[in-house]
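Novice: First the structure, which I've put down as C-alpha cells, then a few questions once you've had a look.
The values are calculated or read from the model by the stated rules, or taken from the named source; none is laboratory data. Since the model is a prediction, treat every value here as computed from it, not as a measurement. Note that we place each Cβ from the backbone using ideal geometry, even for glycine, and neighbour counts take in every protein chain shown.
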C-alpha cells in the first residue's frame, strides 16, 4: 500500500498557485477579484446577528466597512481621502460618486465612517436574490427600488428625498448608472438630481481617481492607490425641475474635471516613485 503525504501535496499546490499568481497576470487578476468578492461577502454577512439589535441603522455597516478596507489592503490597493473639510454637516445631502468597478464597494467602506448617516439606493434584486448579504444590506439601511417598473422607481426616489431629510442622511449614489474604465465620466442619469431637487438637499460631489492598476480587457490587477476627493457642495436651494439640466451639467463638469486632474496627479506620483 502506498502512503500518500497530504502535507506535501498541499505544499505543492500552494507553491504552484503562489508561483502562478506572481508569474501570470491573468491568474493574479482572477485570484485578487475572487479573494476580494468572497472576502467582502463574508465580511458584510457574518455581523448580521449583531445588526438585528439595531435594525436599519447606518452604523451597522461600520464593522463590514472596516473589514472590507483591510481586505483591500491585502490585495495591494490603498485609498487616500482628501477634502474632508467639505463634508456637509448636520443635514441631508445627495452624494455623487463616479462608478468604475466592483471595487467601488471599498470607496463606500472608506466613506462610511467619515460621513455620518450614510445610506445607499440599490435594485430590489439585491435584497431578494443575494441571501444573507441582502439581509445585511437591509439592516444597514439600504433603500431598495424596483428598476423594472419606472413608476415605482420614480415614487421610491421621491420618497427617498423625504426619508433623507427626516434622518439628515447622506444618500450615496453613482450618477453614471454603470461601471466603466473610460478616461472621462459617462453622462449622468437624472435620478440623483431629482432626489436632490425634490428634497432641496445639497449635492456633494466625490471623485475617485481612475483605477489605473486594473485593466479588465488584458486581465491585469496590480497593486496601486487612488485618491478619493470630496469636493465642495453644490446648493439646490430654490431649484425646481426646470433647473435639472443645469444642475446636472454643473455637477458633471466639476466631477469630470476633478476625475481627469486627480488621475493625472496620481499617475505622475506613481511615475516619480518608480523612477526613484
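Novice: Regarding the stretch 225-234, can at least one residue be identified that is farther than 20 Å from residue 87 by Cβ and surrounded by 13 or more Cβ atoms within 10 Å (Cβ to Cβ)?
Specialist: yes
Novice: For the stretch 46-81, give me the residue count where each residue is without any contact (Cβ under 8 Å) to a residue 40 or more places away in the chain and surrounded by 19 or more Cβ atoms within 10 Å (Cβ to Cβ).
Specialist: 2
Novice: For the stretch 56-151, which strands (runs of 3 or more DSSP E) that fit wholly inside it have 2 or more residues that are more than 24 Å from residue 33 (Cβ to Cβ) and at pLDDT below 90?
Specialist: In the stretch 56-151, 143-145 are the strands (runs of 3 or more DSSP E) which contain 2 or more residues that are more than 24 Å from residue 33 (Cβ to Cβ) and at pLDDT below 90.
Novice: Checking the condition within 21 Å of the chain's Cα centre (by Cα) and in contact (Cβ under 8 Å) with a residue 12 or more places away in the chain, which residue from 244, 231 passes?
Specialist: 231
Novice: Continuing with this model, one more query. Would you be able to tell me the number of residues in the stretch 171-193 that are farther than 11 Å from residue 100 by Cα, touching a helix residue (DSSP H, G or I) at 6+ places or on another chain (Cβ under 7 Å) and surrounded by 19 or more Cβ atoms within 10 Å (Cβ to Cβ)?
Specialist: Number of matching residues: 7.
Novice: Residues in the stretch 1-31 that are touching a strand residue (DSSP E or B) at 6+ places or on another chain (Cβ under 8 Å) and either part of a loop (DSSP other than H, G, I, E, B) or modelled with pLDDT of 90 or more (or both): how many?
Specialist: Adding up the residues that qualify gives 1.
Novice: If you check residue 98 against the conditions, is it over 17 Å from residue 209 (Cα atoms) and in contact (Cβ under 8 Å) with a residue 24 or more places away in the chain?
Specialist: So residue 98 does not fit the description; no.
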